[in-house]
Amino acid sequence: MDKPTFYQIADALRERIKELEVGTFEESAVDFHAKDTICGQVSGRDKKLREFAAKNEVVVFVAGRNSSNGKVLYEICRDTNPRSYFVEDETELKGEWFEERDTVGISGATSTPQWLMERVKLAIENIFQPATV
């Protein structure tokens, strides 16, 4: 989850708990703590990833389907550039993503191996031939 959404949810829960406590005789019936355990590597990439997604016509995001930080980082790309696509490997690439596009950016989760992103890059260059990858 991205930090702004996390804090928005935590604040909403805090307010709802206060509303529910009105009228109780106890000082605080519920002890609520929201722990920000969002991966620092994920939250630290937000700004740069948005810039990256904005400067490319298409973004291919490479990560495992079960990668939590991959999902968050991909959503950051997609929020900035609706032509962002999530793939686990090069076999999921689709030709229509690259039609009439000149630039393609490739990124991945913190756990995505560099060799896998290189394979995706080669597949894009060999099959779809954008002007710049």
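One line per residue, one yes/no per condition, for (1) aliphatic (A, V, I, L, M); (2) modelled with pLDDT under 70:
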| position | (1), (2) |
| --- | --- |
| Phe6 | no, no |
| Glu15 | no, no |
| Ala29 | yes, yes |
| Thr37 | no, yes |
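When you look at Thr91, is it outside the structural domain of Thr5 (by TED's automatic domain parsing) and modelled with pLDDT of 95 or more, yes or no? If you could, list the steps in order and put the result at the bottom.
Numbers: outside the structural domain of Thr5 (by TED's automatic domain parsing): yes; modelled with pLDDT of 95 or more: yes.
It is true that Thr91 is outside the structural domain of Thr5 (by TED's automatic domain parsing) and modelled with pLDDT of 95 or more.
Taking the residues in the range 104-130 that are under 20 Å from the mean Cα position of the chain (by Cα) and among the β-branched types (Val, Ile, Thr) as candidates, determine which candidate is farthest from Asp46 (Cα to Cα). Restricting to residues being under 20 Å from the mean Cα position of the chain (by Cα) and among the β-branched types (Val, Ile, Thr), the top hit is Val120. State all residues of the range 76-97 that are surrounded by 16 or more Cβ atoms within 10 Å (Cβ to Cβ) and of a type in the set (Ser, Thr, Tyr); if no residue qualifies, say none. Result: Thr80, Ser84, Tyr85.
The values are calculated or read from the model by the stated rules, or taken from the named source; none is laboratory data. These numbers come from a predicted model, not from an experiment. Cβ atoms come from the backbone with ideal geometry, glycine included; neighbour counts cover every protein chain shown.
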